[in-house]
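Colleague: Dropping a structure here in structure tokens format, bear with me for questions.
The values are calculated or read from the model by the stated rules, or taken from the named source; none is laboratory data. No experiment lies behind these values; they were computed from the predicted model shown. Note that each Cβ is placed from the backbone with ideal geometry, even for glycine, and that neighbours are counted across all protein chains shown. Calculation scope for accessible area: heavy atoms of the full protein, side chains included, ligands and nucleic acids excluded. Shrake-Rupley method; radii C 1.70, N 1.55, O 1.52, S 1.80 Å.
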Amino acid sequence: MKIAALYDVHGNLPALEAVLDEVAGFAPDLVVVGGDVVPGPMPRECLILLLRLRPKPRFIHGNGETDVVAFFDGSAPSRVPEAFHPTMLWVAGRLRRPDRDTLSAWPRTTSVRVEGLGDVLFCHATPDDDNAIFTRVTPEERLAPVVCAPGADVVVCGHTHMHFDRMVRGTRVVNAGSVGLPFGDTAAGWLTLEPGRIEHRRTTYDLEAAMARISETGYPIPVDLADPPAADGMLEAFEAAMAA
């Protein structure tokens, strides 16, 4: 079994297209889409492209899908800062009812057994929360009750947009990175799994051309793919948020 795991596309169609070109060369038996296809500047285009893949991917939802569906339905989740409400409404307005229903039907997790790795559980953030934050430096005692409880040998997550690979009391926890908005890198991040092997992948693409395409969408907030947030700064911000 060969698996490609694509997380946190965030509507960045040029990055997704570049990654899928490399995924085709890897020739996986399964593509797992790990949530947060939306929100972003080209939400419907990314969704359609992924839905057309064959064999059909397995999808799980992220906090992005949960929140965009809520905005589509006319509510505003309290966890979304008010400053982002116009952007979420813009994204929801680009979707159609079948798109909304597709996103709302995605499960929270999916599991696959991979020879040499064992039982692999895919979730967006943690197995029981699509919005929980943890990083490569989160203390083990805080993380173990969350990621070890399902009993998987490997837990693959995303959400914080940075690759990592760590052991937590016998469970291997691997962050797949972000296709569309990686922190600390301009290359699109994704993950491959095959018998006995897990590998972080990075795909470079034409950032200038991508930003030109994004600017044509009317997306309400600026996107500078050439100057992503620094990884160290995001680690500090995430850890501070958890401590608050």
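Colleague: Touching a Gly at 6+ places or on another chain (Cβ under 7 Å), of a type outside the set (A, V, I, L, M, F, W, C), over 17 Å from Gly40 (Cα atoms) and in contact (Cβ under 8 Å) with a residue 40 or more places away in the chain: does that describe Gly116?
Modeller: When the stated conditions are applied, Gly116 passes them.
Colleague: Hey, could you check region 22-55 for residues that are without any contact (Cβ under 8 Å) to a residue 24 or more places away in the chain and part of a loop (DSSP other than H, G, I, E, B) and say which is surrounded by the most Cβ atoms within 10 Å (Cβ to Cβ)?
Modeller: Within region 22-55, the match that is surrounded by the most Cβ atoms within 10 Å (Cβ to Cβ) is Arg52.
Colleague: For the subset of region 75-110 comprising residues that are small (Gly, Ala, Ser) and open to solvent by 70 Å² or more (accessible area, probe 1.4 Å), which member is nearest to Leu30 (Cα to Cα)?
Modeller: Among them, the one singled out is Ala105.
Residue-by-condition table, conditions (1) touching a helix residue (DSSP H, G or I) at 6+ places or on another chain (Cβ under 9 Å); (2) touching a residue at least 12 places away in the same chain (Cβ under 8 Å); (3) more than 26 Å from Val68 (Cα to Cα):
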| position | (1), (2), (3) |
| --- | --- |
| Asn131 | yes, yes, no |
| Asn175 | no, yes, no |
| Thr186 | yes, yes, no |
| Trp190 | yes, yes, no |
| Tyr205 | yes, yes, yes |
| Asp224 | yes, yes, no |
| Asp232 | no, yes, yes |
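Colleague: Among the residues of region 28-65, which ones are among the charged types (D, E, K, R), touching a Leu at 6+ places or on another chain (Cβ under 7 Å) and over 15 Å from Asp8 (Cβ atoms)?
Modeller: The answer is Arg44, Glu45, Arg58.
Listed here are the residues, each with its yes/no results for (1) at pLDDT below 95; (2) open to solvent by 30 Å² or more (accessible area, probe 1.4 Å); (3) within 17 Å of the chain's Cα centre (by Cα); (4) under 25 Å from Asn12 (Cα atoms).
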{"site": "Val112", "(1), (2), (3), (4)": "no, no, no, no"}
{"site": "His124", "(1), (2), (3), (4)": "no, no, yes, yes"}
{"site": "Thr135", "(1), (2), (3), (4)": "yes, no, yes, yes"}
{"site": "Pro145", "(1), (2), (3), (4)": "yes, yes, no, no"}
{"site": "Phe183", "(1), (2), (3), (4)": "no, yes, yes, yes"}
{"site": "Thr186", "(1), (2), (3), (4)": "no, yes, yes, yes"}
{"site": "Glu199", "(1), (2), (3), (4)": "no, yes, yes, yes"}
{"site": "Leu207", "(1), (2), (3), (4)": "no, yes, no, yes"}
